[in-house]
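Have a look at the structure below before the remarks.
The values are calculated or read from the model by the stated rules, or taken from the named source; none is laboratory data. Everything numeric in this text was worked out from a predicted model, so none of it was measured. For neighbour counting, all protein chains shown are included, and Cβ atoms are generated from backbone atoms with ideal geometry for every residue, glycine included.
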Amino acid sequence: MKKRILALLLALLVSTCSIPMVPTAMAAPTDDPSISLFYTMISSIHGTCYIENGLVVLASTVNSAGKATYAKATVLLQKKTGLGWEDVKSWSETGTTKATVMKTYTAESGTFYRAKITGYVSNGSNSETDTITTKAVSL
């Protein structure tokens, strides 16, 4: 009887040890230079938010790739409130293959601001959208 139990335990041990271990996929850090997005419609999307002479300066550009016929850039200015971000103002511009938004907003002293930039590109039958967020800045 002991031999049977021992054989059963040994078989169980061998079977569990022989189960292949599959590594768990992990998200790469966003600052990893080896990771890049692959767009099919958007060639590039860029944005910046900085303070100059008491103004929040916002600039963004969305460039289309391939045979796109419509591009739209939207900049959403946000300010820090407590633990979250509050929408302040939004601007949009459109173009056929490129859209650029450049705006300023009077900054309040001690307030942190950031911009969420959304790019949309379409060729009539296919489209692509992406949103990036700038770092926070303050006066």
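Brief remarks on what is shown
Here's the yes/no breakdown for (1) buried (at least 16 other Cβ atoms within 10 Å of the Cβ); (2) out of contact with any strand residue (DSSP E or B) (no Cβ under 8 Å at 6 or more places or on another chain); (3) at pLDDT 95 or above; (4) β-branched (Val, Ile, Thr):
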| residue | (1), (2), (3), (4) |
| --- | --- |
| VAL57 | yes, no, yes, yes |
| SER60 | yes, no, yes, no |
| LEU83 | no, yes, no, no |
| THR97 | yes, no, no, yes |
| GLY110 | no, no, no, no |
| TYR113 | yes, no, yes, no |
| ILE117 | yes, no, yes, yes |
| SER125 | no, yes, no, no |
| THR134 | yes, no, yes, yes |
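- Hey, LYS135 closer than 14 Å to CYS49 by Cβ and either free of Cβ contacts under 8 Å to residues at least 24 places away in the same chain or part of a loop (DSSP other than H, G, I, E, B) (or both) or not: yes
- Residues that are among the polar types (S, T, N, Q) and either without any contact (Cβ under 8 Å) to a residue 40 or more places away in the chain or not in a strand (DSSP E or B) (or both), drawn from the stretch 109-128: SER109, THR111, ASN123, SER125, ASN126
- Members of the stretch 63-108 that are farther than 18 Å from GLU52 by Cβ, assigned to a strand (DSSP E or B), in contact (Cβ under 8 Å) with a residue 12 or more places away in the chain and not polar (S, T, N, Q): TYR70, ALA71, LYS72, ALA73, LEU76, LYS80, TRP85, GLU93, GLY95, LYS98, ALA99
- Filter result for the condition that a residue is at pLDDT 95 or above, crowded, with 19+ Cβ neighbours inside 10 Å and in contact with a strand residue (DSSP E or B) (Cβ under 7 Å, 6 or more places away or on another chain), over VAL75, VAL88: VAL75
- Scanning the stretch 41-59 for residues that are β-branched (Val, Ile, Thr), within 16 Å of the chain's Cα centre (by Cα) and either closer than 19 Å to ARG114 by Cβ or not in a strand (DSSP E or B) (or both) turns up ILE45, THR48.
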